[in-house]
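I'd like to ask you about the structure that follows.
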Amino acid sequence: MGFLTGKHILITGVANKFSIAYGIAQAMRRQGAELAFIYQNNQFKGRVEELANKLDSKLTFPCDVTKDASITELFKKLKEKWPVFDGLVHSIAFAPRDQLCGDYVNTVTREGFAITHDISSYSFVAMAKACRHMLKKKSALLTLTYLGAERAIPNYNVMGLAKASLEANVRYMANAMGPQDIRVNGISAGPIRTLAASGIKNFRKMLNYYEVITPICRTITLEDIGNPAAFLCSDLAAGITGEILYVDGGFSIAAINELTLE
Ligand code: NAD
Ligand code: 0WE
């Protein structure tokens, strides 16, 4: 018996086996959860079905979070299989590529700002709004954020603002849904090489820098994130809501260490 046995959880954000959402899904399955998945569009359909299969799930649904109708349709379809369920993992972020490099002030645009906030922050509450009536007592919602929400990190640019908005969203959603016995939390993950990190300028160099600064002397793995994600969505975390949990090996608390002084 795992600590998620009997829980039904919807996973968003699986693009491939390197996705953080897939690491979370694996950890949740190890703890006994029944899973369902969304895929962004047909480009991801086959791969998500395959990965779902590996985790004993036949439930995959298309959903593009930029469209209200697509979100409504998702929960209409899910309801036929799961009239009620216990949780949602939101692992979705997007900024137009040109927004993620160079001088923030020069590169940010009104349109880039709007798209980034829409997909990376609004979509979390949009999904919660659409499935609220299907969520059981003791449900949990979880999203993924990054240190760029609080610190100015080169090239992360408008994504940082969207993550700050997403973290505030976690607190406001937690406050609004608490009385319904639904908890809402975020995990602030250290950098991992995923599809969303591919093609980011100097990503390798950044990972090397993290390895030097991070107290645990290594970068984070999908399992490092999956296990605490499973915990936060389980009844073991019944007293935790509105929280951002750092799963970054301690990077964000460190300043200078022995290696940087050599
Ligand atoms: P990923 O590319 O595997 O996942 C991003 C997912 O977002 C994809 O599955 C994509 O299909 C989905 N998505 C984008 N636009 C969508 C839309 N309109 N509708 C539906 N789905 C959409 O990359 P990842 O690194 O696993 O990212 C997952 C989350 O983790 C993101 O919120 C990201 O900001 C966060 N995060 C990543 C890192 C990192 O270093 N990789 C660190 C901290 C936080
Ligand atoms: O949240 C993220 C990445 C999110 C992301 C990535 C892309 C790449 C492809 C959002 N939109 C897009 N749009 C694309 O067209 N991370 C936490 C990973 C990440 O991205 C960075 C980082 C880190 C870490 C960008 C610059 C600097 C650091």
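In the stretch 176-195, which residues are open to solvent by 30 Å² or more (accessible area, probe 1.4 Å), of a type outside the set (A, V, I, L, M, F, W, C) and either within 16 Å of ligand 1 (Cβ to nearest atom) or under 12 Å from the mean Cα position of the chain (by Cα) (or both)?
Answer for the stretch 176-195, where residues must be open to solvent by 30 Å² or more (accessible area, probe 1.4 Å), of a type outside the set (A, V, I, L, M, F, W, C) and either within 16 Å of ligand 1 (Cβ to nearest atom) or under 12 Å from the mean Cα position of the chain (by Cα) (or both): just R193.
Given the criterion out of contact with any Phe, Trp or Tyr (no Cβ under 8 Å at 6 or more places or on another chain), within 16 Å of ligand 2 (Cβ to nearest atom) and in contact (Cβ under 8 Å) with a residue 24 or more places away in the chain, identify the matching residue among A114, A95.
Exactly one residue qualifies, and that residue is A95.
Right, something else. Taking the conditions exactly as written (within 18 Å of P228 (Cβ to Cβ) and among the small types (G, A, S)), does A52 satisfy them or not? Walk me through it before giving the result.
Details: within 18 Å of P228 (Cβ to Cβ): no; among the small types (G, A, S): yes.
So A52 does not fit the description; no.
Residues of the stretch 13-35 being more than 14 Å from ligand 2 (Cβ to nearest atom) and β-branched (V, I, T), which ones?
Residues satisfying the conditions are V14, I24.
How many residues are assigned to a helix (DSSP H, G or I) and either open to solvent by 10 Å² or more (accessible area, probe 1.4 Å) or polar (S, T, N, Q) (or both) if we restrict to the stretch 132-146?
Counting residues in the stretch 132-146 that are assigned to a helix (DSSP H, G or I) and either open to solvent by 10 Å² or more (accessible area, probe 1.4 Å) or polar (S, T, N, Q) (or both) gives 2.
In the stretch 190-202, what count of residues is obtained for those that are closer than 12 Å to I153 by Cβ and free of Cβ contacts under 8 Å to residues at least 60 places away in the same chain?
Summing the residues that are closer than 12 Å to I153 by Cβ and free of Cβ contacts under 8 Å to residues at least 60 places away in the same chain in the stretch 190-202 gives 2.
Among the residues of the stretch 218-239, write down those that are in a loop (DSSP other than H, G, I, E, B) and within 17 Å of the chain's Cα centre (by Cα).
I220, T221, C233, S234
Let's see how each residue does on (1) open to solvent by 70 Å² or more (accessible area, probe 1.4 Å); (2) more than 28 Å from D235 (Cα to Cα); (3) not aliphatic (A, V, I, L, M):
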residue	(1), (2), (3)
T5	no, no, yes
R30	yes, no, yes
F37	no, no, yes
T60	no, no, yes
I71	no, no, no
E80	yes, no, yes
L88	no, no, no
A93	no, no, no
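Conditions first: (1) away from ligand 1 (no atom under 12 Å from the Cβ); (2) crowded, with 18+ Cβ neighbours inside 10 Å; (3) under 25 Å from Y146 (Cα atoms); (4) among the hydroxyl-bearing types (S, T, Y). T107 passes all but one, so which condition is the exception?
Here T107 clears every test but (2).
Can you confirm whether F18 is within 12 Å of ligand 1 (Cβ to nearest atom), part of a strand (DSSP E or B), touching a residue at least 24 places away in the same chain (Cβ under 8 Å) and within 30 Å of E111 (Cα to Cα)?
no
Sticking with this one: Answer yes or no: is there a residue in the stretch 42-60 that is within 19 Å of V184 (Cβ to Cβ) and within 11 Å of ligand 1 (Cβ to nearest atom). I'd like the intermediate steps shown before the answer.
Going through the stretch 42-60, the residues within 19 Å of V184 (Cβ to Cβ) turn out to be none.
No, the conditions are met nowhere in the stretch 42-60.
Continuing with this model, one more query. Could you tell me which residue of the stretch 201-223 is least open to solvent (accessible area, probe 1.4 Å), considering only residues that are within 13 Å of ligand 2 (Cβ to nearest atom) and under 14 Å from N257 (Cα atoms)?
Y210
The values are calculated or read from the model by the stated rules, or taken from the named source; none is laboratory data. Since the structure is predicted, the reported quantities are computational estimates derived from the model, not experimental observations. Cβ: placed from backbone, ideal geometry, glycine included. Neighbour counts: every protein chain shown. Keep in mind that these areas ignore ligands, DNA and RNA; they rest on the heavy atoms of the full protein, side chains included. Shrake-Rupley method; radii C 1.70, N 1.55, O 1.52, S 1.80 Å.
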